[in-house]
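Here the structure is laid out as structure tokens; the discussion comes afterwards.
The values are calculated or read from the model by the stated rules, or taken from the named source; none is laboratory data. This one's a predicted model, so the numbers in the text were calculated from it and none came from an experiment. No Cβ is skipped: glycine too gets one built from the backbone with ideal geometry, and neighbour counts run over all protein chains shown. Accessible surface is based on the protein model in full, side chains and every heavy atom, while ligands, DNA and RNA are left aside. Shrake-Rupley method; radii C 1.70, N 1.55, O 1.52, S 1.80 Å.
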Amino acid sequence: MVKYTKKPVFGVGINDADYSVESMVNRKRIKCPFYQRWNSMLKRCYSSKTQSSQPTYVDCKVCDEWLHFMAFRSGMESQDWEDKQLDKDLLGDGKLYSPENCVFISQALNLLFCDSGAIRGEHPLGVCWNKEVRKFQANIRTNGKHKHLGLFNSADDAHSAWLKAKIEIANSFLDNETNPRIRY
């Protein structure tokens with residue numbers, strides 16, 4: 001059994017890299033991009049400070065294999081990861097980071113699955129109460145832009161409008177997706 005002398009990352013991660021994950025370039029500290037992604041994943045799952053500001057990560061875990069940096073790096077290198085974000089929701093249950101559940105996707109596609117629970121409160125996804133007109137309002141965000149979908153008498157009708165718009169957007173992403181793990 002190999003013994004690691006480095007302090008565990010967020011109490012669980014094992015940095016088993018055979019190289020320095022940080023370097024200085026023009027007096028600026030640069031971290032290995034593989035290490036940055038791995039560290040961020042561990043932070044979301046095991047940092048109480050991060051979870052207090054982003055409660056959607058409470059109860060999220062990293063599989064045993066990916067607790068080892070080099071195993072994560074190996075899996076990351078085998079994917080199209082540049083300019084993309086690690087997602088656990090599209091293929092998995094939204095709680096476990098693992099090779100089976102995760103894929104690198106564009107930020108726009110990743111944002112398609114945001115819950116926005118803090119904004120919407122008790123209402124269904126895509127719905128908020130508009131107190132000025134006393135109706136339910138459906139909204140969607142795509143390509144970084146906010147789009148108003150309409151005002152409705154019921155939360156269910158507003159959610160239906162949101163869901164229809166989400167499906168149209170998701171289909172347009174899937175039509176252009178080349179990763180076979182994402183294709184339908």
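Give the angle, between 0 and 90 degrees and rounded to the nearest 10, that separates the Cα long axis of helix 33-46 from the longest principal axis of the Cα atoms of the chain.
Helix 33-46 sits roughly 60 degrees off the main axis of the chain.
Taking the chain as a Gaussian network, where each spring joins two C-alpha atoms under 10 Å apart, which residue of 47, 23, 106 fluctuates the most?
Looking only at 47, 23, 106, the largest GNM fluctuation is found for 23.
So in the chain, what percent of DSSP beta bridges are antiparallel if you round to the nearest 5?
85
What accessible area, in Å² to the nearest ten, does a 1.4 Å probe give for residue 25?
Its accessible surface works out to 70 Å², give or take rounding.
Between the helical axis of 155-176 and the dominant principal axis of the chain, each derived from Cα atoms, what acute angle in degrees is found, rounded to the nearest 10?
50
Just the number: Rg to Rh for the chain, Cα atoms, Kirkwood Rh, two decimals.
My calculation puts Rg/Rh at 1.05.
In the stretch 18-175, how many lysine pairs have Cα atoms under 15 Å apart, counting only pairs 8 or more places apart or on different chains?
8
Once you've got the GNM for the chain with C-alpha springs shorter than 10 Å, pick whichever of 102, 128, 45 has the biggest mean-square fluctuation.
In this elastic network of the chain, the residue with the biggest mean-square fluctuation among 102, 128, 45 is 128.
Report the charge-dipole magnitude of the chain in Debye, nearest 20, computed about the Cα centre from +1 at each Lys and Arg Cβ and -1 at each Asp and Glu Cβ.
820
Just read off the accessible area of residue 167 with the full protein assembly in place, 1.4 Å probe, to the nearest 10 Å².
90
Give me the 1.4 Å probe accessible area per residue for the stretch 61-105, excluding ligands and nucleic acids, in Å².
Value for the stretch 61-105: 48 Å² per residue.
For the stretch 1-103, what is the relative contact order in percent, using Cα pairs closer than 8 Å and at least 6 residues apart in sequence?
23
Hey, in the GNM for the chain with a 10 angstrom Cα cutoff, which one of 80, 157, 18 fluctuates hardest?
Largest GNM mean-square fluctuation: 18.
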